[in-house]
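What follows is calculated from the coordinates using simple rules that are stated; it is not laboratory data. It should be emphasised that the depicted structure is a prediction, and the values quoted were computed from it without experimental measurement. Cβ: placed from backbone, ideal geometry, glycine included. Neighbour counts: every protein chain shown.
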Amino acid sequence: MAANINVDVRQLNTFLTVADTGSFSRASEKLFVAQPALSRQIRMLESALHVDVFVRHGRGVVLTAAGELLYDRARKLMQDLERTLADVTAVGGEVTGQVMLGILPTVAHLFSGTIVEKYCQQYPQVDLAVKSAMSGTLQQMVAQHRLNLAITYNPTSQRNLRCIPLLEEPLCLIGPNNSPFAGRSEITVDEVLKLPLILPEEKHGLRMKVEREATERGVPLNLALEVSAWPLLTDTARRGLGYTILPAAAVHEMVARNEVMSIPITSPEMTRTLALVTPVDLPSSVATRKLAELIMEQLAIHVREGLWKGRLLFDVNKPNPVGAD
């Protein structure tokens, strides 16, 4: 019976666009297709499948149960088709397609500019999109196929994500340059926990790590401010409103400008692991693998030149690019 279903790629693309925009009129504008023609494509799709995929209402459309199933499958199908076409083109020596990269705010300012510049120079036919968010959000977006790969902290144990550890980096106490701790080469966890701290919200990995240290010592967390926006996190520390905890790379430029101090935390050493995550159930395109290789190459250069403090967790001479499966 399936062999008699006559559905083409254009109909699926139209369906996905209507579903994403929630309206025939907005989909018409996005696709540059007259609304009657667009509506006809959807009617042909529904006729071929013998089900309604949308419920029409005064403000637009919503998916039916059948439409929701079709949306999930069609999205994966179109992504697979795009990846296949790009990979076939790459056999001829030209890397094409689209890659969506997720990156942490604390990493983006130091790393993303270099990555974007070099990648666009080497692969000008690839459409590269970069999004910045916290680790949990990035991992969720990768799992939902909204990102092809992401640079995050704390390698996840989620079964639907593939994780490549990149770097173990020490965490530092960040504060104003006129702090009484300025000039010290290290500071203990016990000393840090006595200070007024500026930390992200409770669900953030860094906050949970600091709270675990406090709980193990039986001391209350001295929270001065709760700030989740990274620029504000460092700016409030610069202004002396408290201290925060970040990897040294996150404030490399601010330290160079003598705006803040950065002191490694010891006894015990506090570290975070930087990792590259990709979806397990979606084979990576050539364009995605090339980006992963470039990220690892540039990270190794940053560590070698002292711009990034930490221990590489992959073999520089034999990098482990994301899988093609």
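Structure notes:
- The alpha carbons of the chain give a radius of gyration and a Dmax of 24.1, 77 Å, in that order.
- Sorting 195-203, 107-115 by their mean Cβ neighbour count within 10 Å, with the most densely packed peptide first, gives 107-115, 195-203.
- Springs between Cα atoms under 10 Å define the GNM used for the chain, and in it the highest mean-square fluctuation of Tyr243, Tyr119, Tyr71 occurs at Tyr71.
- Charge dipole (the chain, unit charges on Cβ, about Cα centre) - positive-most of Gly240, Ala150, Thr21: Thr21
- Tail beyond 15 Å, pair distance distribution of region 2-87 (Cα, percent): 58 percent
- Least to most buried among Lys76, Lys318 (fewest other Cβ within 10 Å first): Lys318, Lys76
- For region 169-271, size of Cβ-based charge dipole, Lys and Arg +1, Asp and Glu -1, in debye: 180 debye
- Charged-residue dipole, Cβ positions (Lys, Arg, Asp, Glu), the chain about Cα centre, Debye nearest 20: 460 debye
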